[in-house]
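Notes to accompany the following structure.
The values are calculated or read from the model by the stated rules, or taken from the named source; none is laboratory data. It should be emphasised that the depicted structure is a prediction, and the values quoted were computed from it without experimental measurement. Using ideal geometry, Cβ is built from the backbone for each residue, glycine included, and neighbour counts are taken over all protein chains shown. These accessible areas exclude ligands, DNA and RNA; they are computed on the full protein's heavy atoms, side chains included. Shrake-Rupley method; radii C 1.70, N 1.55, O 1.52, S 1.80 Å.
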Amino acid sequence: MAQATVLIDGNNFYASCEQSLDPALIGRPVVVLSNNDGCIVARSAEARALGFAMGTPYFKARRELEQHNVVVRSSNYALYADMSQRMMSLLEAHTEDLEVYSIDEAFAKLHRPTHESLRPWAMRLRARLKQDLGLPIAIGLGASKAQAKLANRLAKQIPNHAGIFDLGQCDQPERWLESIAIEDVWGIGRKLAHWCRLRGVTNARLLRDMPSGELKMKCGVVGLRLQRELRGEACLPLDLTPAPKQETCVSRSFSRPITNIDDLRQAIANYVVRAAEKLRKQQQRAGALTVYTRTSPFISTFYSQTASIRLDLPSNDTSVLLKAAIPLVEHIFRPNRDLAKAGVLMQNLQGTDILQAHLMVPMTDAQHHKREGLMQTVDQLNRRYGNGTIQWAATGLKPSWTMRRERLSRAATTRLSDIPVVHTDQRRPPAIQSRQAQHSAPTEGSG
């Protein structure tokens, strides 16, 4: 029994999440904006049909969006991350092995029965995702990851395939490969695509069939591996256990320029809190951290500065990381600078299974477990009741520089306060009361 590689991809994922939580948006054009409502980063199929391009600044497209009654949403990252987790959990239950490739993509492995099609399985999976989560997906099947990528692209482009394409069982596979431009092949960047076109290699089939020696001289073993993948040899196994992260970064652009050190301290504190939450979720501790800030790169007086510190004892405790990071703000702040962005980088990461004690930082096992329990409690409360339920004083209450999201939708899957509440009238309708009164009233001649 041969194995098939599957790529499952959420269609227009951010926009689809918005439509899933608000059924009134289904069938309407929807666009999602980037940080600070800057530019378009996601479009529903209806918005694509109207010609709105990815990356278009919102202020340029605003009037046209209003003319076409396009629904505009700010990025709701908490919602998208939660919907992604739900989607991956569902996919894991319906596949043999699963590699989460991105927030809306996953590779999977399936055994392909002899002389049997996997299309019925794919149709059931698409129906299940739509029913349970309201998310449309495209499914591409092939003998390798590269083939699955191409098949997934074809599944999206060809309406009569209903979001499913199997390169392993299709008529005239050569013709389908020829329909995919070299720029759209997985792993082919702009420069490499230009190099290929200079040699007459303009599509996926020509790349598959070009002389291997010439490709190896340009790309080395990576190019040969891609070519073998296009020929149906599975050279890239599923990454079922992703390698631990080497660094964790949290950074944001400000909704307005920051010009005083107190605002910068609050911003760095907010990012440290978020980075500490990520570390605990990743089951890692940081041995060092770096803070940085910069002005807009588009001004003549560009300014950028960083400062770092090494921790005596690696930690993911928010209070410890705040204590280390806040003093660094004085080293990166300069007066009379319109700071546009800041960030925190957690470095020298290590797992939480082992912690080497430090002579100059005494901490008993009881103290260590007490701090861990406190952090777990804070994380659980913030997950259950929404981010910011428990805050650290250093972050401020309502900073005016926080990311602008004027069109933010509800986060009903992650915040109890955002769950819609339906009020019903418990009194029986008059018509029902009337019928019941007729049945209970004594009839003529009774008694």
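Just need a number here: residues in the range 196-216 that are open to solvent by 30 Å² or more (accessible area, probe 1.4 Å) and not polar (S, T, N, Q). Steps first, answer last, please.
Looking only at the range 196-216, we keep the residues that are open to solvent by 30 Å² or more (accessible area, probe 1.4 Å), and these are 197-200, 202, 205-206, 208-209, 211-214, 216.
Those still in the list that are not polar (S, T, N, Q) too: 197-200, 205-206, 208-209, 211, 213-214, 216.
Number satisfying all stated conditions: 12.
For the range 403-419: of the residues being crowded, with 17+ Cβ neighbours inside 10 Å and among the β-branched types (Val, Ile, Thr), which is farthest from ILE258 (Cα to Cα)?
So the residue we want is THR413.
Quick check on my filter: what residues within the range 305-343 are of a type outside the set (A, V, I, L, M), closer than 19 Å to VAL361 by Cβ and in a strand (DSSP E or B)?
Filtering the range 305-343 for residues of a type outside the set (A, V, I, L, M) gives 305-306, 308, 310, 312, 314-319, 323, 327, 330-331, 333-338, 341, 343.
Still in the running and closer than 19 Å to VAL361 by Cβ: 308, 310, 312, 314-319, 323, 327.
Correct list: SER308, ARG310, ASP312, PRO314, SER315.
Taking the residues in the range 51-78 that are within 14 Å of TYR14 (Cα to Cα) and either modelled with pLDDT of 90 or more or basic (Lys, Arg) (or both) as candidates, determine which candidate is most open to solvent (accessible area, probe 1.4 Å).
To start, the set of residues in the range 51-78 that are within 14 Å of TYR14 (Cα to Cα) comprises 54, 71-78.
Subset that is either modelled with pLDDT of 90 or more or basic (Lys, Arg) (or both): 54, 71-76.
On the way: MET54: 105, VAL71: 16, VAL72: 11, ARG73: 52, SER74: 0, SER75: 2, ASN76: 7 Å².
Only one residue tops the list, namely MET54.
How about the range 354-373: which of its residues are outside any loop (DSSP other than H, G, I, E, B) and open to solvent by less than 80 Å² (accessible area, probe 1.4 Å)? Reasoning before the result, please.
The first filter runs over the range 354-373 and keeps only residues outside any loop (DSSP other than H, G, I, E, B), leaving 358, 361, 365-373.
Within the range 354-373, HIS358, VAL361, ALA366, HIS368, ARG371, GLU372, GLY373 qualify.
For the range 371-405, which positions are under 30 Å from ALA340 (Cβ atoms) and out of contact with any helix residue (DSSP H, G or I) (no Cβ under 6 Å at 6 or more places or on another chain)? Before you say what the answer is, go through the steps one by one.
Taking the range 371-405 as the starting set, the residues that turn out to be under 30 Å from ALA340 (Cβ atoms) are 382, 386-405.
ASN382, GLY386, ASN387, GLY388, GLN391, ALA393, LEU397, LYS398, SER400, THR402, ARG405, listed by residue number.
Can you name every one of the helices (runs of 4 or more DSSP H) wholly within the range 110-182 that holds 2 or more residues which are of a type in the set (Gly, Ala, Ser) and out of contact with any Lys or Arg (no Cβ under 8 Å at 6 or more places or on another chain)? Outline the logic, then answer.
Details: elements: 119-133, 145-157, 173-178.
Correct list: 119-133, 145-157.
Those residues that are under 20 Å from LYS145 (Cβ atoms) and in a helix (DSSP H, G or I), I need them from the range 183-195; list them, please. Steps first, please.
Pass one, the range 183-195, residues under 20 Å from LYS145 (Cβ atoms): 183-189, 192-193.
Once the filter is applied, which keeps residues that are under 20 Å from LYS145 (Cβ atoms) and in a helix (DSSP H, G or I), the range 183-195 yields GLU183, ASP184, LEU192, ALA193.
For the range 338-351, does any single residue satisfy the condition of being in contact with a strand residue (DSSP E or B) (Cβ under 9 Å, 6 or more places away or on another chain) and either without any contact (Cβ under 8 Å) to a residue 24 or more places away in the chain or among the β-branched types (Val, Ile, Thr) (or both)?
So far as the range 338-351 goes, yes, one or more of its residues are in contact with a strand residue (DSSP E or B) (Cβ under 9 Å, 6 or more places away or on another chain) and either without any contact (Cβ under 8 Å) to a residue 24 or more places away in the chain or among the β-branched types (Val, Ile, Thr) (or both).
So how many residues does the range 25-50 have that are of a type in the set (A, V, I, L, M, F, W, C) and either assigned to a strand (DSSP E or B) or surrounded by 21 or more Cβ atoms within 10 Å (Cβ to Cβ) (or both)?
We begin by selecting, within the range 25-50, every residue of a type in the set (A, V, I, L, M, F, W, C); these are 25-26, 30-33, 39-42, 45, 47, 49-50.
With the extra rule that they be either assigned to a strand (DSSP E or B) or surrounded by 21 or more Cβ atoms within 10 Å (Cβ to Cβ) (or both), the set shrinks to 30-33, 39-42, 47.
The total comes to 9.
From the set of residues in the range 279-307 that are among the charged types (D, E, K, R) and surrounded by 16 or more Cβ atoms within 10 Å (Cβ to Cβ), which is nearest to ASN387 (Cα to Cα)?
Filtering the range 279-307 down to residues among the charged types (D, E, K, R) leaves 280-281, 285, 294.
Then keep just the ones that are surrounded by 16 or more Cβ atoms within 10 Å (Cβ to Cβ); that gives 280, 285, 294.
Working: ARG280: 15, ARG285: 21, ARG294: 27 Å.
It comes out as ARG280.
For the range 79-96, give me each residue that is assigned to a loop (DSSP other than H, G, I, E, B) and crowded, with 17+ Cβ neighbours inside 10 Å. Spell out how you get there, then give the answer.
Keep residues of the range 79-96 that are assigned to a loop (DSSP other than H, G, I, E, B), which gives 94-96.
Once the filter is applied, which keeps residues that are assigned to a loop (DSSP other than H, G, I, E, B) and crowded, with 17+ Cβ neighbours inside 10 Å, the range 79-96 yields only THR95.
Could you tell me whether the range 97-109 includes any residue that is surrounded by fewer than 20 Cβ atoms within 10 Å (Cβ to Cβ), under 26 Å from LYS341 (Cβ atoms) and modelled with pLDDT under 95?
Yes, the conditions are met somewhere in the range 97-109.
Which condition does PRO242 not pass, out of (1) closer than 30 Å to TYR101 by Cα; (2) assigned to a helix (DSSP H, G or I), if it passes all the others?
(2)
For the range 380-398, which residues satisfy the criterion of being surrounded by fewer than 16 Cβ atoms within 10 Å (Cβ to Cβ) and part of a loop (DSSP other than H, G, I, E, B)?
GLY386, ASN387, GLY388, THR389, ILE390, GLN391, TRP392, LEU397, LYS398
Residues checked against (1) more than 28 Å from the chain's Cα centre (by Cα); (2) more than 25 Å from ASN348 (Cα to Cα); (3) of a type in the set (Ser, Thr, Tyr):
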{"position": "GLY220", "(1), (2), (3)": "yes, yes, no"}
{"position": "ARG231", "(1), (2), (3)": "yes, yes, no"}
{"position": "ALA234", "(1), (2), (3)": "no, yes, no"}
{"position": "PRO237", "(1), (2), (3)": "no, yes, no"}
{"position": "ARG256", "(1), (2), (3)": "no, yes, no"}
{"position": "ASN260", "(1), (2), (3)": "yes, yes, no"}
{"position": "ASN270", "(1), (2), (3)": "no, no, no"}
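Can you tell me which residue among GLY287, GLY223, GLY232 is more than 19 Å from GLU330 (Cα to Cα) and out of contact with any Leu (no Cβ under 7 Å at 6 or more places or on another chain)?
Numbers: GLY287 fails: out of contact with any Leu (no Cβ under 7 Å at 6 or more places or on another chain); GLY223 fails: out of contact with any Leu (no Cβ under 7 Å at 6 or more places or on another chain).
Answer to the selection: GLY232.
Need the failing condition index for THR377 against (1) in a helix (DSSP H, G or I); (2) open to solvent by 90 Å² or more (accessible area, probe 1.4 Å), just the number.
With respect to (1) in a helix (DSSP H, G or I); (2) open to solvent by 90 Å² or more (accessible area, probe 1.4 Å), THR377 is out only on (2).
When residues of the range 151-178 are filtered for being farther than 15 Å from ARG231 by Cα and open to solvent by 70 Å² or more (accessible area, probe 1.4 Å), how many remain?
6
Restricting the search to the range 261-304, which residues are of a type outside the set (A, V, I, L, M, F, W, C), assigned to a strand (DSSP E or B) and closer than 30 Å to GLU372 by Cβ?
GLN284, ARG285, GLY287, THR290, TYR292
Tell me which residues, restricted to the range 110-127, are surrounded by fewer than 16 Cβ atoms within 10 Å (Cβ to Cβ), more than 15 Å from GLY168 (Cα to Cα) and free of Cβ contacts under 8 Å to residues at least 40 places away in the same chain. Break it down stepwise before answering.
Initial filter on the range 110-127 (surrounded by fewer than 16 Cβ atoms within 10 Å (Cβ to Cβ)): 111, 113-117, 120, 123-124, 127.
Remaining after also requiring more than 15 Å from GLY168 (Cα to Cα): 123-124, 127.
Result: ARG124, ALA127.
What are the residues in the range 128-146 that are open to solvent by 30 Å² or more (accessible area, probe 1.4 Å) and either of a type in the set (S, T, N, Q) or over 22 Å from the mean Cα position of the chain (by Cα) (or both), if any? Let's see the steps before the verdict.
Restricting attention to the range 128-146, the residues satisfying the condition of being open to solvent by 30 Å² or more (accessible area, probe 1.4 Å) are 128, 130-132, 136, 143.
Correct list: GLN131, ALA143.
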